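What follows is a single structure, written as structure tokens, with notes after it.
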Amino acid sequence: MDKMSDEAKAKMKDFGNQSTPAPINYETSLPQGVGKMVEQEDGSIMLANEHDQGFMVNQAIIDFWRSCNGNRKVTELVDLFAQQTGLQRSQVEKEVMQLLKQLHEGGLLVIPNQNESPNVDFKR
């Protein structure tokens, strides 16, 4: 540790603060968009979370955010996004998962119905 640079020590310290989200169950999770749309003076639109942090987005992301209405499973969102873009389902699945993650991290999406129980069984 004594030979590490201050930058390396800071990076190591940050690793302990990162939380790893539970994997999303495609068949049971029902993502729900939260926050609000805000129109800027120049006519552009951004999404704002409950802390009024704004995120510049394009129309495709707004449409996707709106489709996360708490009634569609992740698999249905992938199908819908593939249909809207005209791309193969396999092409958009990764992008949808990344978008869900980014919206969730930005406070613009909640994912209720996640299995809160641990994914391991403890023996007594």
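The residues listed here are Ser29, Ser67; of these, the one that is at pLDDT below 90 and closer than 19 Å to Ile111 by Cβ is Ser29.
Checking each residue in the stretch 70-91 for being at pLDDT below 90 and in contact with a Ser or Thr (Cβ under 8 Å, 6 or more places away or on another chain) picks out only Phe81.
Checked against the criterion of being among the small types (Gly, Ala, Ser) and open to solvent by less than 20 Å² (accessible area, probe 1.4 Å), the candidates Ser67, Ser90 yield just one match: Ser67.
The values are calculated or read from the model by the stated rules, or taken from the named source; none is laboratory data. Because the structure is predicted, anything quoted here is derived from the model rather than measured. Backbone-built Cβ (ideal geometry, glycine too); neighbour counts: all protein chains shown. Surface areas here come from the heavy atoms of the whole protein model, side chains and all, with no ligands, DNA or RNA. Shrake-Rupley method; radii C 1.70, N 1.55, O 1.52, S 1.80 Å.
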